[in-house]
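The values are calculated or read from the model by the stated rules, or taken from the named source; none is laboratory data. This is a predicted model, so every value here is computed, not measured. In this analysis, Cβ positions are derived from the backbone assuming ideal geometry, glycine residues included, and neighbour counts consider all displayed protein chains.
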Amino acid sequence: MEERKTAVIVLSIVALIGIYFFVVAPYINLKKAHTISFKDCTISFYYRYSIDTTEDAYYVAQNQLGLCLCKAYDKKPDTTIGKQIMKIYFKYGSVIAHDTLNREQRDNLDTVLKHRDEVFNPKILWD
């Protein structure tokens, strides 16, 4: 009878440990905080394991950085900030979809700043 009690206790402990490692542990501390920054703008985002620049979380972080840089550029125009805004626009931003604008007007910094909420909208990527 004593062996059965011991066996039940040991099996219960093993089952609880198994549940912990297969159900609870994968959701704890697997997401790591990462940051991207340029000048005064810093964006923090969480990512599993290491950064994969092809996934949506990185695109959203880049778009948030683009929005922050646009606000910084409005306060104090700087050519390096402008170049970084255009770099993010060409690589991660949405193309401005106005029929009245030609390609040269769409790819202009002033147009990107004017339509920044449309160009760097991070919510579009999550939908």
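Select from region 74-120 the residues that are loosely packed, with under 12 Cβ neighbours inside 10 Å and modelled with pLDDT under 85 and write down the one among them that is nearest to the chain's Cα centre (by Cα). Only one residue fits best here, namely ALA97.
Summed over region 3-30, the residues that are exposed (fewer than 11 other Cβ atoms within 10 Å of the Cβ) and modelled with pLDDT of 80 or more give a count of 16. Residue count for region 31-72 satisfying the condition of being modelled with pLDDT of 75 or more, under 9 Å from the mean Cα position of the chain (by Cα) and surrounded by 16 or more Cβ atoms within 10 Å (Cβ to Cβ): 10.
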